[in-house]
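The structure under discussion appears below in the form of structure tokens.
The values are calculated or read from the model by the stated rules, or taken from the named source; none is laboratory data. Just so it is clear, the model here is predicted, and its values are computed rather than measured. Because the Cβ atoms are built from the backbone with ideal geometry, glycine has one as well, and the counts that use them run over all protein chains shown. To get the accessible areas, we keep the full protein, side chains included, count just its heavy atoms, and leave off ligands, DNA and RNA. Shrake-Rupley method; radii C 1.70, N 1.55, O 1.52, S 1.80 Å.
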Amino acid sequence: GAYAGKSGDASFVEEMLPVLRHIVFHYRRGSGYERSGRFHKIYMDEDGLIVNPAQATWMDAVADGGPVTPRHGKAVEINALWYANLRFMASVDAQGASGYAALADKVQASFNVKFWNGAFEEDPEAAPLLDVIEGDPHAGALRPNMLFAVSHGGDLLPFDRQLAVVGAAAKYLMTPYGPRTLAPMDSHYKAFYNTYAPMAEKDAAYHQG
């Protein structure tokens, strides 16, 4: 979508439409991948949101034989990108525009109901958006993944919620070198990543702060 908007390359968008339709179709119907001898399913739930297995996001580190940040369930950035894709498809695919728009409306409604963290109203240290819902018990971790809802989500969130997300990230995650992967007040936070440490020790740290 960003490329199309900046370049005006309508022929490339037309060329890629069959691929994009194929991707949306399989996310809706269900897809997945093989890992460690098991099939891990990715699919759209009844609320329009995408369900992903553990280690299906960029936070896929393993330590002591298990995932450091499982994030199984419905991950915030996966669903922000899903919404952005549906809106883009509604704008470029005439044959299915109304269907994409209707599904995007459903995703937007579900996202705002389910990902908005009610605890944020009372606790300024809480994440405005939950990192994962309906899965990983550490769902309320304050991580930079929520920024995708602002940077790529377009109108996914109302403006006041966008401000809350960016404000929390600026307050708790930003460093001179970029954002932390986890807020310092989190019980799982690791302040240092020692490049000379064994791999398992490093993997336990670099998505935890």
Query raised in the report: Across the range 120-153, what is the total count of residues that are over 30 Å from Lys41 (Cβ atoms) and assigned to a helix (DSSP H, G or I)?
Result: 2
Query raised in the report: Checking Thr57 against (1) open to solvent by 30 Å² or more (accessible area, probe 1.4 Å); (2) modelled with pLDDT of 90 or more; (3) under 20 Å from Gly209 (Cβ atoms); (4) not acidic (Asp, Glu), which test does it fail?
Result: (1)
Report task. Scan the range 100-159 for residues that are charged (D, E, K, R), closer than 26 Å to Leu20 by Cβ and in contact with a strand residue (DSSP E or B) (Cβ under 8 Å, 6 or more places away or on another chain) and report the count. Result -> 1
Query raised in the report: Which residues, counting only those in the range 151-168, are surrounded by fewer than 18 Cβ atoms within 10 Å (Cβ to Cβ) and either touching a His at 6+ places or on another chain (Cβ under 7 Å) or among the β-branched types (Val, Ile, Thr) (or both)?
Result: Val166
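Given the criterion of a type in the set (A, V, I, L, M), without any contact (Cβ under 8 Å) to a residue 24 or more places away in the chain and surrounded by fewer than 20 Cβ atoms within 10 Å (Cβ to Cβ), identify the matching residue among Ala10, Ala63.
Within the list Ala10, Ala63, the selection yields Ala10.
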Report task. Would you mind telling me which numbered condition in (1) in contact with a Lys or Arg (Cβ under 8 Å, 6 or more places away or on another chain); (2) within 18 Å of Ala84 (Cα to Cα) Val24 fails? Result -> (1)
**Report entry** Lone unmet requirement of (1) assigned to a helix (DSSP H, G or I); (2) within 30 Å of Glu15 (Cα to Cα) for Leu156
**Finding:** (1)
Query - Which numbered condition Lys171 misses (of (1) modelled with pLDDT under 95; (2) at negative phi; (3) surrounded by fewer than 20 Cβ atoms within 10 Å (Cβ to Cβ)) - result: (1)
Report summary line: Restricted to the range 80-102 and to residues being free of Cβ contacts under 8 Å to residues at least 60 places away in the same chain and within 23 Å of Ile133 (Cα to Cα), the residue most open to solvent (accessible area, probe 1.4 Å) is Ala102
Report task. Quick one: which residue in Phe115, Phe148, Phe111 is closer than 24 Å to Arg87 by Cα, of a type in the set (Phe, Trp, Tyr), modelled with pLDDT of 95 or more and open to solvent by 40 Å² or more (accessible area, probe 1.4 Å)? Result -> Phe148
Query raised in the report: For the range 167-201, what are the residues that are out of contact with any helix residue (DSSP H, G or I) (no Cβ under 6 Å at 6 or more places or on another chain), closer than 13 Å to Pro144 by Cα and assigned to a loop (DSSP other than H, G, I, E, B)?
Result: Arg180, Thr181, Leu182, Pro184
Requested in this report: Output the qualifying pairs, or none if there are none: Cβ atoms under 8 angstrom, residues six or more apart or on different chains, first residue in the range 130-156 and of a type in the set (Phe, Trp, Tyr), second residue part of a helix (DSSP H, G or I) and open to solvent by less than 40 Å² (accessible area, probe 1.4 Å).
Outcome: Phe148/Val76; Phe148/Glu77; Phe148/Ala80
Report summary line: So the helices (runs of 4 or more DSSP H) completely within the range 1-94 holding 3 or more residues that are over 20 Å from His152 (Cβ atoms) are 10-29
